[in-house]
Amino acid sequence: MREVKDTVRALVRIGYDGKVHKTFRGHMARERFENEVRVLNYLEEKGCPFVPRVLEAEPETLKLVTSNCGSRVDHLNEKRLEQLFTELEHYGVRHDDRALRNVTYRATDGRFCLIDFEFATILEHPEWSPPPPEPDFKA
């Protein structure tokens, strides 16, 4: 497996099969894990085509395995970035971490995708989401 991210909040690796393996850790790890699984399952039910699909969720180890949504994006103009996050809201979810680091590009269909839903809000159930990280929290 290739390591893609190793922070206080998560360890993310991509397997040789292309699947993304994310292990949650640190502050509110269980709540963030549960929220990401809930939001991704909700988006799949709504037919959202530009987010990862949950393949496995292991609550005991806080490990989530998802489909791969492509490569990280280094540059994207602000207007297109805002359009992408606004499009997500049409599926009933607000991302709550609107940063370029959460955008990928899927070359197979030329589609920008969104990842990292641990702080996202399902708009019809905002009470289900964990609070956002503290402002000085280092990712």
### Filtered residues of the range 45-62 (kept if under 26 Å from Glu127 (Cβ atoms) and surrounded by fewer than 17 Cβ atoms within 10 Å (Cβ to Cβ))
Glu45, Lys46, Gly47, Arg53, Glu58, Pro59, Glu60
### Query
Just checking, how many residues over the range 68-121 are of a type outside the set (Phe, Trp, Tyr), assigned to a helix (DSSP H, G or I) and either free of Cβ contacts under 8 Å to residues at least 24 places away in the same chain or farther than 14 Å from Val39 by Cα (or both)?
12
### Query
What tally of residues in the range 101-127 results from selecting those that are polar (S, T, N, Q) and out of contact with any strand residue (DSSP E or B) (no Cβ under 7 Å at 6 or more places or on another chain)?
1
#### Entry: Count of residues meeting criterion [surrounded by fewer than 17 Cβ atoms within 10 Å (Cβ to Cβ) and outside any strand (DSSP E or B)] in the range 1-18
7
### Query
Restricting attention to the range 58-67, does a residue exist that is of a type in the set (D, E, K, R), under 28 Å from Arg25 (Cα atoms) and in a helix (DSSP H, G or I)?
no
### Task
Return the total of residues in the range 11-34 being touching a helix residue (DSSP H, G or I) at 6+ places or on another chain (Cβ under 8 Å) and either modelled with pLDDT under 95 or among the small types (Gly, Ala, Ser) (or both).
0
### Query
Would the range 37-44 turn up any residue that is of a type in the set (Lys, Arg), touching a Phe, Trp or Tyr at 6+ places or on another chain (Cβ under 7 Å), part of a loop (DSSP other than H, G, I, E, B) and surrounded by 12 or more Cβ atoms within 10 Å (Cβ to Cβ)?
no
#### Entry: Residue that is surrounded by the most Cβ atoms within 10 Å (Cβ to Cβ) [pool: residues in the range 19-31 that are farther than 20 Å from Asn68 by Cβ and among the charged types (D, E, K, R)]
Glu31
### Single residue of Glu118, Glu34 found to be touching a Lys or Arg at 6+ places or on another chain (Cβ under 9 Å), closer than 22 Å to Lys5 by Cβ and crowded, with 16+ Cβ neighbours inside 10 Å
Glu118
### Query
Before we move on, is Leu76 more than 25 Å from Arg2 (Cβ to Cβ) and out of contact with any Asp or Glu (no Cβ under 7 Å at 6 or more places or on another chain)?
no
### Task
Specify the residue that is surrounded by the fewest Cβ atoms within 10 Å (Cβ to Cβ); the eligible residues are those in the range 121-137 that are among the hydrophobic types (A, V, I, L, M, F, W, C) and at pLDDT 65 or above.
Leu123
### Query
Can you pull out the residues in the range 81-107 that are of a type in the set (Val, Ile, Thr) and either under 10 Å from the mean Cα position of the chain (by Cα) or within 12 Å of Phe50 (Cβ to Cβ) (or both)?
Val93, Val103, Thr104
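The values are calculated or read from the model by the stated rules, or taken from the named source; none is laboratory data. Predicted model only: the values in this text are computed from it and were never measured. Heads up, the Cβs are rebuilt from the backbone with ideal geometry, glycines too, and the neighbour counts pull from every protein chain shown.
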